[in-house]
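Report on one structure; see the data block that follows.
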Amino acid sequence: MIFRRKKIDNEIDMNNLPQHIGVIMDGNGRWAKKRGLPRSAGHKAGAESLKKIVTEANNLGVKYITVYAFSTENWKRPQAEVDYLMNLLMDYLVNAEKTLAGENVRIRAIGSRKELSEEMRVQIKKTEELTKDRKGIVMNIALNYGGREELVHAAREISEAVKSGRLKSEDIDENTINSYLYTAGQPDVDLLIRTSGEQRLSNFMLWQVSYAEMIFVKKAWPDFKPEDLRECILAFQGRGRRFGGI
Ligand code: IPE
Ligand code: IPE
Ligand code: MG
């Protein structure tokens, strides 16, 4: 195992890092169930995993990471679980300044804010403001995020711009759409990782993953370690990306 890790360290090509990693952090509930623990314990362990993975990505020099924390569909879960997740995310945002200070992480939230509590909306703004001048990795926390909702939101904003004369409908192109997404100004996701063995997008970044390399990992999110991230990056670097060419 030590040999293998060393081999991975030697092989990661620092000039060919993914620019933007998307992570569907899945499997917290099953991780807990396997240990006879409540699902909340899985989410708590998952939050610990997140800190380590963001730190690792930042140390490697990855510029953007988007983590799927709460989907527009996750409101269907029992109220107690929804509340637990919201509290955990709130703690994460509150502590982000301290815990990720040394890491220089810039934190943003992507997704629809209007369904979130007032307290959460205020905290998001605060955390974004406090970390906005940092020079390290940009971390997008996808919170009440859905890829379809993002596109609906963009369509509304674009039609407003057309209506008010700021934009001509014949000028709408892919760059226009990009600039109205929550991830405006950021590169496409080039590496998408989903843990826990599920192989689906679950409404995650439908536009941005068009040409992403996808890696599905069997391990549940709380078991996903920095060395697993390195292994995913190595696998990414071994893929032949053609973007429709030959
Ligand atoms: C991912 O773990 C975390 C969130 C969706 C918030 P799950 O809670 O989906 O865990 P499983 O898939 O039920 O094991
Ligand atoms: C996707 O996981 C959402 C997050 C990781 C936040 P889910 O566990 O909600 O997805 P499905 O229900 O298995 O598709
Ligand atoms: Mg799940």
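Some observations on this one:
- Number of the condition not met by Tyr68 [criteria: (1) within 11 Å of ligand 1 (Cβ to nearest atom); (2) of a type outside the set (A, V, I, L, M); (3) out of contact with any strand residue (DSSP E or B) (no Cβ under 8 Å at 6 or more places or on another chain)]: (3)
- Considering Arg30, Arg39, the condition of being within 16 Å of ligand 3 (Cβ to nearest atom), touching a helix residue (DSSP H, G or I) at 6+ places or on another chain (Cβ under 6 Å) and in contact (Cβ under 8 Å) with a residue 40 or more places away in the chain is satisfied by Arg39 alone.
- Residue match in segment 157-167 (condition: under 27 Å from Arg121 (Cβ atoms) and not in a helix (DSSP H, G or I)): yes
- Segment 205-241, subset buried (at least 22 other Cβ atoms within 10 Å of the Cβ) and aromatic (Phe, Trp, Tyr), residue nearest to Tyr64 (Cα to Cα): Phe236
- All positions within segment 35-55 that are within 23 Å of Leu191 (Cβ to Cβ), open to solvent by less than 30 Å² (accessible area, probe 1.4 Å) and of a type outside the set (A, V, I, L, M): Gly46, Ser49
- Residue selected from segment 131-162 under the condition polar (S, T, N, Q) and over 19 Å from Met205 (Cβ atoms), by the criterion surrounded by the fewest Cβ atoms within 10 Å (Cβ to Cβ): Ser159
- Among all residues of segment 171-182, there is none that is within 23 Å of Asn16 (Cα to Cα) and touching a residue at least 60 places away in the same chain (Cβ under 8 Å).
- Pairs are defined by a Cβ separation below 6 Å, a sequence spacing of at least 6 or placement on different chains, a first member in segment 70-88 that is more than 13 Å from Ser202 (Cβ to Cβ), and a second member that is of a type in the set (A, V, I, L, M, F, W, C) and within 8 Å of ligand 1 (Cβ to nearest atom); the pairs so defined are Leu85/Phe70.
- Scanning segment 85-99 for any residue that is touching a strand residue (DSSP E or B) at 6+ places or on another chain (Cβ under 7 Å), open to solvent by less than 40 Å² (accessible area, probe 1.4 Å), part of a helix (DSSP H, G or I) and within 12 Å of ligand 2 (Cβ to nearest atom) turns up at least one such residue.
- Flag if Val122 is within 16 Å of ligand 3 (Cβ to nearest atom) and either modelled with pLDDT of 95 or more or not in a helix (DSSP H, G or I) (or both): no
- Counting only residues that are within 16 Å of the chain's Cα centre (by Cα) and within 20 Å of Ala109 (Cα to Cα), segment 155-203 holds 17 of them.
- The number of residues in segment 185-200 that are open to solvent by 50 Å² or more (accessible area, probe 1.4 Å) and under 18 Å from His153 (Cβ atoms) comes to 1.
- First in segment 112-140 and under 19 Å from Gly185 (Cβ atoms) and of a type in the set (Phe, Trp, Tyr), second anywhere and open to solvent by 80 Å² or more (accessible area, probe 1.4 Å) and outside any loop (DSSP other than H, G, I, E, B), Cβ under 9 Å, 6 or more apart: none
The values are calculated or read from the model by the stated rules, or taken from the named source; none is laboratory data. All values derive from a computational prediction rather than experimental measurement. With ideal geometry, Cβ positions are generated from the backbone for all residues, glycine too; neighbour counts draw on all protein chains shown. The area values use the complete protein model at the heavy-atom level, side chains included, leaving out ligands, DNA and RNA. Shrake-Rupley method; radii C 1.70, N 1.55, O 1.52, S 1.80 Å.
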